[in-house]
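> The structure's right below; bear with me while I get my questions together.
Every read-out reported here was derived from the displayed coordinates using simple, explicitly stated rules and does not represent laboratory data. Treat the numbers as computed from the prediction; the structure is a model and nothing was measured. Neighbour counts are summed over all protein chains in view; Cβ atoms, including those assigned to glycine, are modelled from backbone coordinates with ideal geometry.
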Amino acid sequence: MPGATLAADLWISEYLTPHDVWQHGIERILAHRQTPFQEMYVVESGAYGKALVLDGKWQTCTGDEFLYHEPLVHTPFVVHGHPRRVLIAGGADGGAAREALKWHNVEEIVIADIDGDAVAACREWLPEIHQGAFDDPRVRIEIGDAYDFIANSHGWDVIIADLTDPIEHGPAFKLFTREFFELCQNALAPGGVFVNQAGSLSPPLLDLLARTVKTIGSVFAHTTVIQANVPTYGSPWGMALASDQPIDTLPNIAATNALLASDTNDRFRMFDGQTLLGLLQMPKYLRDRLAAETVIYSLANPPKFFSRSPGET
Ligand code: SPD
């Protein structure tokens, strides 16, 4: 076990900022390869179970993934009310698809992920996360650029952008731009809901989330932020929720629980009406930051790793 004996330890060291590192002791490397799109590790950590790490960024792990995937999926589903067709951009690990399958009326789930090697590795090494979702007849996997797939598809009730961090030249950065959000808006059916993982809520890292929400808000009529706490991400995490229909950020607890009881298998570890109400409450520093934000991301002005280039203010 790393740290317990005098030995050559193995750690995943993720830079959360250029000056802050979040380290996890690794028991075993299960898979490692440079795919055509990113460097991929699947590892077994000592404390948080098996994990997927892409381009040095911790993506998900068996120890706390439910704290990410349940809010990411069930919040837009409850806001929509009766989702049938669901598109997941990214989502290589299958955790979001697994959660979507808990809804009885869901007929079709497409996972559009650019990296077939990552999907194959997650299928092989992370069955605890996908739990067979890839083989459910309602699920279809499209290996390819989600940007192009969404540009050519329509009628989705919910679009979930379950993406990697928007590293420059990485596979995800253009899916954080106004052009992509416009494609998503066009691809949604009337009453459709969009959600994406939008980055850290830690004050020094807030540019990405604030600018992403500002950009989404320049496309959709209504936006808000889901606050998730995923310990292995190193800070509270934000998800942007958007629709052209109003979003009730004070949802009635009993009404949510009744919907979950009638329309799902009700097998949740963290999500229910009370949890949803909490997820949708933004603290003042965050509301103030969103109100002050002016930057809109575009293909010509995409997000930058650690938010800013050296020297940029
Ligand atoms: N580094 C944290 C951002 C991770 C977002 N992607 C998560 C993918 C899980 N399905």
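> Cross-link list 50/102; 50/284; 57/304; 102/214: which exceed 26 angstrom alpha carbon to alpha carbon? Spell out each step's value before the answer.
Working: 50/102 23 Å; 50/284 35 Å; 57/304 15 Å; 102/214 31 Å.
Pairs exceeding 26 Å: 50/284; 102/214.
> Through the Karplus equation 6.51 cos²θ - 1.76 cosθ + 1.60, θ set to phi - 60°, convert the phi angles of segment 141-158 into ³J(HN,Hα) values in whole Hz; use x for Gly and Pro.
9, 10, 7, x, 6, 4, 4, 6, 4, 5, 4, 10, 9, 8, x, 7, 7, 9
> OK, next. Enumerate the amide H contacts of residue 88 below 5 Å, restricted to partners 5 or more residues apart or on another chain; note that Pro and chain-start residues carry no placed amide H.
Answer set, sorted by chain and number: 110, 111, 112, 160.
> May I ask you to compute the full-extension gain from residue 266 to residue 10, defined as 0.36 nm times their residue separation minus their alpha-carbon distance, rounded to one decimal in nm? Spell out each step's value before the answer.
On the way: separation 256, 0.36 × 256 = 92.16 nm, distance 3.90 nm.
Gain on extension, residue 266 to residue 10, equals 88.3 nm.
> With a sphere of radius 12 Å drawn around the Cβ of residue 13, what net charge do the other residues whose Cβ falls strictly inside it have (Lys, Arg +1; Asp, Glu -1)?
Details: positive: 57; negative: 9, 14, 20.
Result for the neighbourhood of residue 13: -2.
> Next question, about the same structure. Arranged by the count of other C-beta atoms within 10 angstrom, fewest first, what order do 239, 270 take? Intermediate values should be presented prior to the final figure.
Working: 239 26, 270 16.
Listed from fewest to most nearby Cβ atoms, that is 270, 239.
> Please state the shape class of segment 65-154: rounded when a/c is under 1.5, otherwise prolate if a/b exceeds b/c and oblate if not, all from the C-alpha gyration tensor. If you can, show how the numbers build up before the last one.
Details: a/c = 1.66, a/b = 1.13, b/c = 1.47.
Taking the square roots of the gyration eigenvalues as a ≥ b ≥ c, segment 65-154 is oblate.
> A further question on this structure: Based on DSSP H assignment, which helices of the chain show an axial Cα extent of at least 20 Å together with a mean Kyte-Doolittle hydropathy greater than or equal to -1.0?
Working: long enough: 66-80 (21 Å, 0.50).
Those that clear 20 Å and a mean of -1.0 are 66-80.
> With a ≥ b ≥ c the root eigenvalues of the C-alpha gyration tensor of the chain, is it rounded (a/c under 1.5), prolate (a/b larger than b/c) or oblate? Intermediate results must be reported in sequence, preceding the final value.
On the way: a/c = 1.40, a/b = 1.19, b/c = 1.18.
Because its axes are fairly even, with a/c under 1.5, the chain counts as rounded.
> On a full-extension model of 0.36 nm per residue, what is the gain between residue 107 and residue 258, subtracting their alpha-carbon distance, rounded to one decimal in nm?
On the way: separation 151, 0.36 × 151 = 54.36 nm, distance 2.10 nm.
The span from residue 107 to residue 258 would gain 52.3 nm if fully extended.
> Then there's this: Under 13 Å from the Cβ of residue 84, count the other residues' Cβ atoms, weight Lys and Arg +1, Asp and Glu -1, and hand me the total.
On the way: positive: 85, 138; negative: 107, 108, 157, 263.
Once positives and negatives cancel, what remains is -2.
> Let me ask you something else. Once fully extended, how much extra length lies between residue 245 and residue 143, figured as 0.36 nm per residue of separation less the alpha-carbon to alpha-carbon distance?
Extra length from residue 245 to residue 143 when fully extended: 33.6 nm.
> Same structure, new question: Given springs between every Cα pair under 10 Å in a Gaussian network model of the chain, which of 158, 213, 43 has the largest fluctuation?
Greatest mean-square fluctuation among the candidates belongs to 43.
> Let me have the 222 nm mean residue ellipticity of the chain computed from DSSP H runs of 4+ only, each contributing -39500 (n - 2.57), with the sum over all residues rounded to the nearest 500. Before the final figure, lay out each step's value.
Values: 10 runs with 90 residues, N = 313.
Value at 222 nm, helices only, nearest 500: -8000 deg cm²/dmol.
> Label points 7 Å out from Cα along the Cβ direction at residue 35 and residue 47: separation in nm?
Label-label distance for residue 35 and residue 47, simple model: 2.7 nm.
> Nearest 5 is fine: what % of DSSP beta bridges in the chain come out antiparallel, could you say? If you can, show how the numbers build up before the last one.
Details: 39 of 59 bridges.
So the antiparallel bridges in the chain amount to around 65 percent.
> Here is a further query. Just to confirm a number: summing +1 for Lys and Arg and -1 for Asp and Glu over residues other than residue 125 whose beta-carbon lies under 15 angstrom from that of residue 125, what do you get?
Values: positive: 28, 33, 50, 123; negative: 27, 44, 65, 93, 115, 117, 124, 128.
Cβ neighbours under 15 Å give a net charge of -4.
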